[in-house]
Amino acid sequence: MRRILPAILVFSPLSLLLVALAVTPGVAQEGGYVAIFNGKDLSGWIERGSKGGYIVEDGKLICTRKGRFLFTEKEYSDFSFRFEFKLTPGANNGVAIRAPLEGNPAYDGMEIQILDDYHPRYRNLRPTQYHGSIYDVVPAKRGYLKPAGQWNEEEIICKGSHVKVILNGAVIVDTDLSKITDPKVLARHPGLKRRSGHIGFFGHGAHVEFRNLRIKVLD
């Protein structure tokens, strides 16, 4: 009888190095992207509000039901920010961009909405409140968000006054903030004029998971 030997996986020093680089903050990856979350702890991040609202499990950044604000220690101006997220039914969160550490990031910076907008509780939202929208300012195209419980891929690109949001390969926002001239909107959202600030998340009492957070600074 022929004996079948178990397969033995052999990892070269180079392959082990590449695995390490993939989760090492501050180290350039493919395409010039740099990890800003190490998958182990909240090093490089600042939590505002109830401590323990954000935890790390199995390489994922998790906003718990008591999570509120979490910001990068560094500030960014022009960048491409890529990440993956998974929603629970009816979950609500947001990505803060070019935000200050104080105040409300949705107004003093900008918020890119993260929302399970398929849920019945959100059937009467305004167009600027659906997932991917620049909250209360620019509506996003709908129909590209995966159902709750599945991982989504998103990219947020900021270059000067130009903001683009790409969800699961589809461009859902592509706007020039300099063309927003309504004085009421500008008065309510002074953060539209900011050109640098922190990236962050802010929870609204729901469990949301994030992973593979990486950024590329654009010259």
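A few comments on the model shown:
- Here each label is just a point 7 Å from Cα along the line to Cβ, and for ILE55 and ASP182 those points are 4.1 nm apart.
- Under the convention that each Lys and Arg Cβ holds +1 and each Asp and Glu Cβ holds -1, the size of the dipole of the stretch 32-217 around its Cα centre is about 260 debye.
- Projecting the Cα positions of HIS162, ILE55, ILE180 onto the charge dipole of the chain (unit charges on Cβ atoms of Lys, Arg, Asp and Glu, taken about the Cα centre) puts ILE55 furthest along the positive direction.
- Sum of side-chain charges, VAL138 neighbourhood, beta-carbon under 13 Å (Lys, Arg +1; Asp, Glu -1): -1
- In straight-distance terms, cross-link reach from LYS159 covers every one of the aspartates and glutamates whose alpha-carbon lies under 14 Å from its own, apart from those fewer than eight places away in the same chain; here that gives ASP78, ASP174, ASP176, ASP219.
- Karplus (6.51, -1.76, 1.60) ³J(HN,Hα), θ = phi - 60°, over the stretch 144-158, in Hz, Gly and Pro reported as x: 10, 7, 7, x, 3, x, 10, 7, 10, 10, 9, 9, 10, 10, 10
- The chain, relative contact order in percent, only Cα pairs under 8 angstrom and at least six apart counted: 29 percent
- TYR122-ARG211 pseudo-label distance in nm [points 7 Å out on the Cα-to-Cβ vector]: 2.2 nm
- Among LYS159, LYS40, LYS184: highest mean-square fluctuation, GNM of the chain, C-alpha pairs under 10 Å: LYS184
- Contour excess over end-to-end distance, with Cα ends at ASP78 and LYS193 and 0.36 nm allotted per residue: 40.1 nm
- GNM flexibility winner over the chain from SER80, SER196, SER161 (Cα, springs under 10 Å): SER161
- Cβ-Cβ FRET estimate between ASP174 and TRP151, R0 fixed at 25 Å, reported to 0.05: 0.60
- Size descriptor, Kirkwood hydrodynamic radius, that averages inverse alpha-carbon separations across the stretch 82-210, Å: 14.7 Å
- Based on the reciprocal of the average 1/r between different C-alpha atoms, the Kirkwood radius for the chain equals 18.3 Å.
Bear in mind that the values in this text are calculations on the coordinates, not laboratory data. Bear in mind that the values here come from a model prediction, so they are computed numbers and not experimental data. All Cβ positions, glycine included, derive from the backbone under ideal geometry; neighbour counts span all protein chains shown.
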